[in-house]
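The values are calculated or read from the model by the stated rules, or taken from the named source; none is laboratory data. Remember, it's a predicted structure, so these values are computed and weren't measured experimentally. Positions of Cβ are generated from backbone atoms using ideal geometry, with glycine treated the same way; all protein chains shown enter the neighbour counts. Note: accessible area is taken over every heavy atom of the protein model, side chains too, but ligands, DNA and RNA are not part of it. Shrake-Rupley method; radii C 1.70, N 1.55, O 1.52, S 1.80 Å.
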Amino acid sequence: MNNWPLLSLLIWLPMVGGLVVMFLRDERQGLARWLSLLVTVVVFLLSLQLWAGFDNQQAGMQFVEQVAWVPAIQAQYHLGIDGIALPLILMTTLVMVLVVLAGWHVERRIEQFLAAFLMLEGFMIGVFCALDALLFYVFFEGMLIPMFLIIGIWGGPNRVYATLKFFLYTFFGSVFMLIGLIYLYLKTGSWALSDWYVEPLNMQEQIWLFLAFLLAFAVKIPMWPVHTWLPDAHVEAPTAGSVVLAAVMLKIGGFGFIRFSLPVTPDASQELAWLMITLSLIAVVYVGLVALVQADMKKLIAYSSISHMGFVTLGLFVLLGALADPARQDALRLAMGGAVVQMISHGFVSAAMFLGVGVLYDRMHTRMIKDYGGVAQVMPWFTLFAVFFAMANSGLPGTSGFVGEFMVILASFQAGFWLAFLAATTLILGAAYTLWMVKRVMFGEIHNPEVKKLEDIGSREAVMLTVLAVLVLAIGVWPEPLLDMMNASVTHLIELAAHSKLG
Amino acid sequence: MNWYQALTMILPEIIMLAMACVLLMLQAFLPERRKGLIHILALVTLALVAILTMRPYLVGSPVWPESILQGAFVRDRAGDLMKVFVEIVAFLALVYGKQYFRVWQEKAEDFYILVILSVFGMMVMISAANLLTLYLGLETLALASYAAVAMFRKIGLSVEAAVKYFVMGAVASGMLLYGMSLLYGATGSLQLSEIRTAVAALPAHDPLLLLALVFLLVGLAFKLGAVPFHMWLPDVYEGAPAAVMSFIASAPKIAGFAILYRVLVDGLAPMAGQWQGIVALLALLSMGLGNVVAIAQSNVKRMLAYSTISHVGFLLLGMLSGTAGYTASLFYALTYALMSVGAFGLLMLLSARGQEAETLDDLKGLNQRAPWLALMMAFLMASMAGVPPFVGFFGKLYVLQSAVEAGQIWLAIAAVLFAVMGAYYYLRVIKVMYFDASENEQFVSLPLDAQAAISISGTAQLLLGVFAGPLMSLCVWAMS
């Protein structure tokens, strides 16, 4: 199978699957569900094939496909993955299987619902594979329409406001990137990222480009202060939508920094690292505090996501000052590697958290913490999972949440004690808001009669949560395979970021 | 160059005009039950002429002379490409129109004939090598359009729109004609190529030339509906029958680009330094006002009218930066015509007798009543908003690229900001179709030809976007 265009298959199979599902008639709901599940499972298996054929030692792009796409402007259909994109793709394909399961009982227009998710999957995988900037942009923006519909059609009461805010915020952020991309294209005469990595740029150009990229990716990831769309979107989105949003779409912001900001504008990245570090720490500390006072479970997890994504940007930028210092290369690798591990880990943990809220919401139709209490008495199995994922979310050793955060905090010490100290507050804050929520929801006396009638999780829900729990635990106790996979690519990224483009 | 060769070169135009006359005769003398023939003949004519226009390229690679008929007429690749698109768009408009007039129980034959006549006018405009030819083509188009807008003469709004259109159009024509006469006075020729040589020899700040330029630009801006000469456009769009609107909002934009190109580039290229500033201002104002005011509209026709103004702004933006920019504008005009004929077409398919579908409420819950139509409309709106992977994105990308290349980076940034504002009202259409519940549960059923036409309009947005290569290469080839 090594000669197959695997990446194209991964992108187009869900898209075509989505088209087919969309045209199924209303009465064929069962077929729509099983077909979607089949497509996502096949895509997942194909992505495993990708892993099997991947060479860990190689830092360059693998599985490269390249054909002319829009010759008039030299745009190419150019795909390829490295050790950073691969784990993200694996995570995406797995999460999408769970997402189809999570949306299993959606009643309204299920064929359109599932079709939107399948299309979304294709776009998201496309973003991780694209090596042509225009292609990247098309996939990056293409995601907006299906997500817009998912929140808008199947969301909560205030869905229209939330989805418009989501769309316009992200659209606004990315159009400036488009101008930046056009500028780079005109300068280099090519949309190929590899050409952009070697193009010399003066400091002024780099700063402007960096800011253009920042606006796009900061909105997506999201960073304080442009994060306000996320809590709204999460609260209103259906469970499956929240899962995709948190698990995959936020990572695309982080991935953008890795693909564009650091290698294309390395000098500006160093110059403005202080800004990124400050914003990241504000996200970690301030947004963590904001999470503490949330009364709505989904909102709490949304703020917790922003806080956790702060670690990703922190890890990417915290040690850029040390690029020239050979003694601190290990710490640098630790920081950047930690950022990537954090992305993967947060993908699984946040997916699990949102699925958990979905489990409760399906039964009680409320997300308010105060409506619950004593759930453990009637849903023991669910409580087991919930407590486990809460531990992972607060970064308990032995879970995946610990690995990434620990790597980043450790590396931060090289940048300064107080910096690391502030970053480390997440271990306390994260534990505080997550465990406090779990305490209020799961334990204590039952004061709401509705809670008494709750039934424990069924087999579908158990499967979803078990898969995620196994992965969270596996990465937590044995992160080696993941670290091996991306090691060479992280080193390569550092080389690119260290290579000055001035003069 | 003998007469025979010249005639074969203008054969498409001749057929178009002849058929317009034939159809007029048939309309007068055919018995009522046979009138369906006129629709079919009109469609056949458009298809035939499109094929005839393309034929030389299919059998070989023709080399066209500079101009024919004593310099009145020019045939080139760009012109032929535009003509083919005008014919395709007119074809779609006719298919939509048939269903619309059937629902309204009005006579559609006049509409078909007026469309054929306007297409003839546009073909002449596109091929004009001489200011007189250009003006003749323009007036043929304009007169046919005035008449078409007034078709529902029992409806006040329609008549009001027609009068407004006529008066404003006449003013614009006057300006244009005055500009032309001044230009003739300054250069001593009506021939665009000769004007070009003459202008190059004159000092750039020659007052007579500048005066001529200003009048020409004002006239063109009036015709295109660029701010601040746009006041007539929303009223006309709102008042005109949707079928007529779908036609005059789409194909004439291609022809509009053609005259812009012929006058400003073929004729006044040496004065680019003078007209670029004015065009940049028109572009900026149009994009700004069009997008901002469209947000406030609850009437979809008015909203689309303001959106047209903003698209004209984008079209003008491309005129600022040499051949790459003209190619971008050409691509933009062609794809915009396809979008707008589809969007208006969809509106008219939803119209009931005596009741235009024109407010956002009429689109409410369309996804429940007709999922396919809703999807097509969503494609069209996303394409107009410039969201990838739809073709509208590539049009905007191409124009922006040429603007950045010309060093107009701030203009490009303003353009994308306005595009973001614009996204809001296009999204609102998607919102009412998908998120709101429908007031009546009646399924929309359409005849096969209308279904096919709307499917072509909608899917073309996606396909021309995903496979943007061929059309873009075609435009590059046409302009080189």
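Select from region B:363-408 the residues that are farther than 21 Å from residue A:20 by Cα and of a type in the set (Phe, Trp, Tyr) and list them in ascending order.
Passing the criteria: B:393, B:394, B:398.
If only one of A:118, A:101 is among the hydrophobic types (A, V, I, L, M, F, W, C), assigned to a helix (DSSP H, G or I) and surrounded by fewer than 23 Cβ atoms within 10 Å (Cβ to Cβ), which one is it?
A:101
Name the one entry in A:46, A:90 that is open to solvent by less than 40 Å² (accessible area, probe 1.4 Å), away from chain B (no Cβ under 14 Å) and either on the phi > 0 side of the Ramachandran plot or touching a Phe, Trp or Tyr at 6+ places or on another chain (Cβ under 8 Å) (or both).
From the options A:46, A:90, the qualifying one is A:90.
Right, residue B:339: on the phi < 0 side of the Ramachandran plot and within 14 Å of another protein chain (Cβ to nearest Cβ) or not?
No; evaluated as a whole, the condition is false for this residue.
Select, from B:445, B:455, the only residue that is away from every other protein chain (no Cβ under 12 Å), surrounded by fewer than 17 Cβ atoms within 10 Å (Cβ to Cβ), among the small types (Gly, Ala, Ser) and part of a loop (DSSP other than H, G, I, E, B).
After ruling out the rest, the residue left standing is B:445.
Considering each residue of region A:165-177, count those that are open to solvent by 10 Å² or more (accessible area, probe 1.4 Å) and in contact (Cβ under 8 Å) with a residue 12 or more places away in the chain, and give that number.
4
Please pick out the residue among A:130, A:85 that is away from chain B (no Cβ under 14 Å), modelled with pLDDT of 90 or more, crowded, with 24+ Cβ neighbours inside 10 Å and closer than 22 Å to residue A:190 by Cβ.
Answer to the check: A:85.
Taking helices (runs of 4 or more DSSP H) that fall entirely within region A:403-503, which contain at least 2 residues that are closer than 30 Å to residue A:294 by Cβ and not β-branched (Val, Ile, Thr)?
Passing ranges, in order: A:417-442, A:449-452, A:459-477.
Inside region A:220-232, can you point out the residues that are within 16 Å of residue A:176 (Cα to Cα) and surrounded by fewer than 22 Cβ atoms within 10 Å (Cβ to Cβ)?
A:226
Please find, within region A:68-81, the residue that is farthest from the other protein chains (Cβ to nearest Cβ) out of those that are open to solvent by 10 Å² or more (accessible area, probe 1.4 Å) and either in contact (Cβ under 8 Å) with a residue 60 or more places away in the chain or part of a strand (DSSP E or B) (or both).
A:78
Inside region B:399-408, can you point out the residues that are open to solvent by 20 Å² or more (accessible area, probe 1.4 Å) and either at pLDDT 90 or above or facing chain A (nearest Cβ under 7 Å) (or both)?
Matches in region B:399-408: B:405 only.
Does residue B:414 fit the bill of being modelled with pLDDT of 90 or more, open to solvent by less than 50 Å² (accessible area, probe 1.4 Å) and either of a type in the set (Asp, Glu) or under 18 Å from residue B:398 (Cβ atoms) (or both)?
Answer is yes for this residue.
Check region B:154-169 and report whether any residue there is of a type in the set (S, T, N, Q), surrounded by 15 or more Cβ atoms within 10 Å (Cβ to Cβ), under 22 Å from the mean Cα position of the chain (by Cα) and within 18 Å of residue B:110 (Cα to Cα).
yes
For residue A:214, state whether it is touching a residue at least 40 places away in the same chain (Cβ under 8 Å), open to solvent by 10 Å² or more (accessible area, probe 1.4 Å) and assigned to a helix (DSSP H, G or I).
The answer is yes for residue A:214.
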